[in-house]
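Inspection log for the structure reproduced underneath, given as structure tokens.
The values are calculated or read from the model by the stated rules, or taken from the named source; none is laboratory data. Remember, it's a predicted structure, so these values are computed and weren't measured experimentally. We place every Cβ from the backbone using ideal geometry, glycine too, and count neighbours over all the protein chains shown. Surface accessibility is based on the protein's heavy atoms, side chains included, excluding ligands, DNA and RNA. Shrake-Rupley method; radii C 1.70, N 1.55, O 1.52, S 1.80 Å.
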Amino acid sequence: MSASPRNVVNQVRDAGRTQVVIIGGGINGIAAFRDLALQGVEVVLVERGDFASGASAASSHMVHGGIRYLENGEFRLVRESVRERNDLLKTAPHFVKPLKTTVPIYSFWSGLLQAPMKFVFGRKGKPAERGAALIKVGLTMYDLFVGPTRRTPWHRFRGRAASLRELPRLNPDIKFTATYFDASMHDPERLALDVLTDGIKSNRSAHALNYVEATGFTGDGVTVRDLVSGEEFALAADVVVNATGPWADLTNAALGTPTRFMGGTKGSHIVLDNPELVAATGGREIFFEHSDGRIVLIYPLKGRAMVGTTDIEADPSEPARCTEQEVDYFLDLINDVFPDVAVSRDEIVYRFSGIRPLPASDESNNAQISRDYRVVVDSSRGIPLVTLVGGKWTTFRSLGETLSNVVLDLVGAPRAISTRGRPIGGGRDFPTTRRARGVWLRSRVPGSGTRGSVLLDRYGTRAAHVWRVLEDHDDVPILGDRLSTWELAWMVDHEHIVHLSDVVMRRTDLAFTGSVSRELLDDIARTLAKFLDWDDERTNDEIAATIHELRDAHGVEFDADHDAEAAHA
């Protein structure tokens, strides 16, 4: 049995000191945590919510080189992103897969002049429609950035007739399509958890605490509050790292060091249960320019169609929510690309929204704000306060290494190991072909049936360890092959479960796919109660809190919601 999250909090409290405190348990804070742990540094990560529950949970589920960054002249970022994408295809094949992507194109020459004018002269404003010639130039450059590490095919162009034969539901007004490969990230929260677990397992002096908030700066460290018990204590350190993403300025203000580094924008997505739309995509991402110049996507994922994203100025002090106006925008863009595929609000099973951790900028077009990152060190108040500004999912490994290098210099520790090429969690020895997958399932989880396949998708090769626990106990299914009682016990022991919402939103895809019901929440909560020693009051509170969060933040409706709407009508 692993130490419970609250026992780890007590252990950190009793120690009272560490070399490095990282504030922020999104993917970039987690990546820096793993990197420092691998160097043998004493490091404590604190996250006020669950791990990867903020901006990291609101991504477009893509690992990409950022073809549109070429238009901004961000060649360094594209080169780094492509390299990191290829690295993740090798190191995390359980969660990161090649993604075939098709761009519908409605003109030939459009934008070919404006793009270089913007690059050379810094011209601002809404870009002209990107035509086939410009996209061809961009994709050729993009492919050349891949270099000898290529793990995906070169791009291909098709004319209207060939495009409609391949994707017959596309808007017949298209002139061309361009198809290239990037990568998808099926379960970003679970990938973040694997990175975190690797860090913890590599170093007995590395501890990660969720639901623990940094509340102040002491001059030789920080004060933190356990949001479960309410207890507050001081934690001394040699360096404090602020990796709270879009909330970096708010965190620095709470630490008594006001800054104005951030200028994030809100991005929202919806998830639809519409088999016709999923089929229309042909199993690939449709990535295109909407009428307002915004680059958007329709992405088949887990039997659903995910549609995104917006790019709206946002206040990080307020919760990010997907509005009805954004839903209208998404339904409109679907109609533009697949005009004869009917979609409706009733098919939305999940919606989510987050704030991108973008640097402050005076760009009039939010899409033109740089997605690059930088590290700022402030040593004016005793121990150094290191702030991460910017960052994105694709480059988390290299960003974590860069941030770690700054910290290593500050504490006077050498780099012992690089994370490049290092397998992540259940990505080690993962079977990447259908035949290898079948052999692995038969040899490592024999007799598991479809349950073994679900576990392999959820845990990678760590599924073998989970299966041994299930075999050794009287395991009872909770939702067919999707979940079971002793899998929840595994999560409690190994995956930092504190609340019911941790399971349904981040350790599984139950909420994302629209599989949550009141009855399911009750079954999961009653099972968790046995392993977490919840009494009836705590169990009922967890169910109520999860229902409220699913309704308020993700637009999930329950039976009573439908009944109330019908009665009102």
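A few notes on this one:
- The orientation-averaged projection of the convex hull spanning the C-alpha atoms of segment 409-505 amounts to 9.2 square nanometres.
- Accessible surface of the chain [probe 1.4 Å, protein heavy atoms]: carbon and sulfur percent: 52 percent
- Remark on C322: its backbone amide H falls under 5 Å from those of S353, a criterion applied only to residues 5 or more positions apart or on other chains, H modelled at 1.01 Å from N.
- In this structure, the residue pairs whose Cα-Cα separation is over 21 Å, taken from K302/K530; K97/K392; K97/K302; K201/K392; K136/K175; K302/K392, are K302/K530; K201/K392; K302/K392.
- Close amide H pairs (under 5 Å, H built 1.01 Å from N) link L45 with I22, H207, A208, L209, residues at least 5 positions away or on another chain.
- Under conditions of 25 °C and 0.890 mPa s, segment 166-234 yields 143 µm² s⁻¹ as its translational diffusion coefficient, taking Rh as the Kirkwood radius over Cα pairs in the Stokes-Einstein equation.
- Residue-averaged 222 nm ellipticity for the chain, from DSSP H runs of 4+ at -39500 (n - 2.57), nearest 500: -11500 deg cm²/dmol
- Charge dipole (debye, nearest 20) of the chain; +1 at Cβ of Lys and Arg, -1 at Cβ of Asp and Glu: 3280 debye
- Computed extension gain for R420 through E231, at 0.36 nm per residue and net of the alpha carbon distance, reaches 64.2 nm.
- Entry note, the chain: relative contact order of 19 percent, from Cα contacts under 8 Å with a spacing of 6+ residues.
- Per residue accessible area in Å² of the chain, where ligands, DNA and RNA are left out and the probe is 1.4 Å: 40 Å²
- Toward the positive end of the charge dipole of the chain, with +1 on the Cβ of Lys and Arg and -1 on the Cβ of Asp and Glu, the farthest Cα among N210, A413, T546 is that of A413.
- Using bins of 10 Å that start at zero, the share of Cα-Cα pairs per bin across segment 430-569 amounts to 11, 38, 31, 15, 5, 1, in whole %.
- Centre-to-centre separation between the Cα atoms of segment 157-229 and those of segment 528-542: 30 Å.
- Here, segment 194-312 yields an orientationally averaged convex hull projection of 11.7 nm² when only Cα atoms define the hull.
- At most 11 other Cβ within 10 Å, DSSP loop - trypsin sites (Lys or Arg not before Pro), segment 158-267: R204, R260
- Averaging Cα coordinates gives a centre for segment 416-454 and one for segment 8-68; these two points are 25 Å apart.
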